[in-house]
Amino acid sequence: MEGQWWVFVGTMESGIIGGMEVIPHSRRYMVSVQINKMHVCGGMLIKKDYVLTTAHCANDSECSGEVKLEVVLGAHNIRQREPQQQRIAVEECIKNPCYKSKPPNDIMLLKLKSEAKLTNSVQVIDLPVENENLPANMICSIAGWGRKEQNRTSKVLREVNLTIQDNSECKKHWKDVFDTDSMICTTDGRGAFCKGDSGSPLICGKKPQGLAAYAHTDHCSHPKHPEVYMKVSYFLPWIKEIIHKRELTQSK
């Protein structure tokens, strides 16, 4: 493929294109990943001390403690200090070992320094079944903080419905950038996730099936280039292995 006509959508201005504001604190698993108190990515709470997001959301220096890497839980308006919010520092970034700064294997666990307190605004979300396949045309949804339109930002969490695209169509449009085993894609010309929403979970039914990863560099809702997600169910063995090993280490 000549040139790079895809772009990660994490460490720039955030944005859900289209959609509407969510009911405050209704997506209790949602996480704002922040560097020096600035929102850079979305994520989800999968255990009281683990957040799942995409690997490109924090580079090696940001993970090494050179900056303040934190997560904010229980938020609706990330520009306010809501009483429901919990701000917890990240202890360790654990990137998939096959991630090489390009789309495949773009997934990361954030081990938190302390456990989240589960409340009416903060809850863990259950992961899907391993290698669960999604039917084309299934309606799913994604939420994030940020841009509603081209140059307008939103300080509150917004959501949009999107449609699962057939894998063959994803491959046809994205070619070698798309891996049919570890990725899924959605299409909807009126709505989209956009810059800053990497790591936000794509919810199908009640399960998180994807993590927002990349879109067309010039047009997040480009009709010929579906938006791409890491397929959460594909990475379940790795997620479980990492958490299990660390829990064993802590118990010794």
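The values are calculated or read from the model by the stated rules, or taken from the named source; none is laboratory data. All figures in this text were calculated on a predicted structure; none of them were measured in a lab. Backbone-built Cβ (ideal geometry, glycine too); neighbour counts: all protein chains shown. These accessible areas exclude ligands, DNA and RNA; they are computed on the full protein's heavy atoms, side chains included. Shrake-Rupley method; radii C 1.70, N 1.55, O 1.52, S 1.80 Å.
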Worksheet entry | Complete set of residues in the stretch 83-111 that are open to solvent by 70 Å² or more (accessible area, probe 1.4 Å) and in a loop (DSSP other than H, G, I, E, B) | Pro83, Pro97, Cys98, Lys100, Ser101, Lys102
Worksheet entry | Whichever residue in the stretch 10-44 is more than 21 Å from Gln84 (Cβ to Cβ) and modelled with pLDDT of 90 or more and, among such residues, is surrounded by the most Cβ atoms within 10 Å (Cβ to Cβ) | Ile35
Discussion item. Out of everything in the stretch 112-152 that is of a type in the set (Val, Ile, Thr) and open to solvent by 70 Å² or more (accessible area, probe 1.4 Å), what residue ends up being modelled with the highest pLDDT?
Written reply: Ile139
Discussion item. Here's a check for you: in the stretch 45-82, which residue that is touching a strand residue (DSSP E or B) at 6+ places or on another chain (Cβ under 6 Å) and part of a loop (DSSP other than H, G, I, E, B) is surrounded by the fewest Cβ atoms within 10 Å (Cβ to Cβ)?
Written reply: Val67
Worksheet entry | Hits in the stretch 162-182 (condition: under 18 Å from Cys140 (Cβ atoms) and of a type in the set (Asp, Glu)) | Asp166, Glu169
Worksheet item: In this structure, does Asp166 turn out to be at pLDDT 90 or above and among the acidic types (Asp, Glu)?
Response: yes
